[in-house]
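Single-structure report; data block below.
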Amino acid sequence: DQQVKQNSPSLSVQEGRISILNCDYTNSMFDYFLWYKKYPAEGPTFLISISSIKDKNEDGRFTVFLNKSAKHLSLHIVPSQPGDSAVYFCAAIPRGSSYKLIFGSGTRLLVRP
Amino acid sequence: ETGVTQTPRHLVMGMTNKKSLKCEQHLGHNAMYWYKQSAKKPLELMFVYSLEERVENNSVPSRFSPECPNSSHLFLHLHTLQPEDSALYLCASSQVLGNEQFFGPGTRLTVL
């Protein structure tokens, strides 16, 4: 059973609008959450993270929100740009492990010009 | 070369073949990782090495055999694989265990 779930396999957004990518998790023992971005033929690259003691982290156009009661996190990209078109993976690190990344299955974002 | 490189980028092999995947990191990192991504499934951690010592073996079948001869190189030796082993195999490295992981582009493996 997947501990980290990305229920939307794809998302299409108009350039300049907001992209919202969602992630749900089942294990309340996760200490840290991360978002990775992957372009075709490249490996995933780290985008932004959030500690379980926070509910929001912002970095430029990217903001991650964590709702612990709902076991839900989301990545907001605003404004969306065509270069943001990629697959986005949500990942979590369990308490007591500094390196075990548990990934979701990814959401493919397409930003239309 | 910079970052994390993987060779070959694509590999097709029969079930009786023996092949190896190679990963090299040019970042001066001390930890290296192998992940597997099957179609429409999440990345799964397979093996973790720190300072050339294996620290994680995630219930991976013995037909996958990792080797870490030094902190810059990581191999995954493959033998008698099954068609369901066809996947994207990703290597990653980090400064030390627990730091941000940097991924290579992956090897797309097809087992016939």
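Would you call A:ASN22 surrounded by 14 or more Cβ atoms within 10 Å (Cβ to Cβ), farther than 26 Å from B:LYS41 by Cβ and in contact with a Ser or Thr (Cβ under 8 Å, 6 or more places away or on another chain)?
no
So, in region A:26-43, of the ones that are under 13 Å from A:ILE93 (Cβ atoms) and within 12 Å of chain B (Cβ to nearest Cβ), which residue ends up surrounded by the most Cβ atoms within 10 Å (Cβ to Cβ)?
Only one residue tops the list, namely A:TYR36.
Take the residues in region A:78-106 that are among the polar types (S, T, N, Q) and closer than 30 Å to B:ASN57 by Cβ, then tell me which one is surrounded by the most Cβ atoms within 10 Å (Cβ to Cβ).
The extreme case among them is A:SER105.
Would it be correct to say that A:LYS71 is within 14 Å of chain B (Cβ to nearest Cβ) and under 22 Å from A:ARG108 (Cα atoms)?
Taking the combined requirement at face value, the residue does not satisfy it.
Would you kindly identify the strands (runs of 3 or more DSSP E) lying entirely within region B:3-112 that contain at least 3 residues that are within 14 Å of another protein chain (Cβ to nearest Cβ) and aliphatic (A, V, I, L, M)?
Per the criteria, B:44-50, B:87-94.
Would you be able to tell me the number of residues in region A:38-79 that are in contact with an Asp or Glu (Cβ under 6 Å, 6 or more places away or on another chain) and more than 16 Å from A:GLN6 (Cα to Cα)?
Within region A:38-79, residues that are in contact with an Asp or Glu (Cβ under 6 Å, 6 or more places away or on another chain) and more than 16 Å from A:GLN6 (Cα to Cα) number 4.
Where a number appears in this text, it was derived from the coordinates with a stated rule and is not lab data. Predicted, not measured: the structure shown is a model, and the values here were computed from it. Don't worry about glycine lacking a Cβ; one is built from the backbone with ideal geometry, like all the others, and counts go over all protein chains shown.
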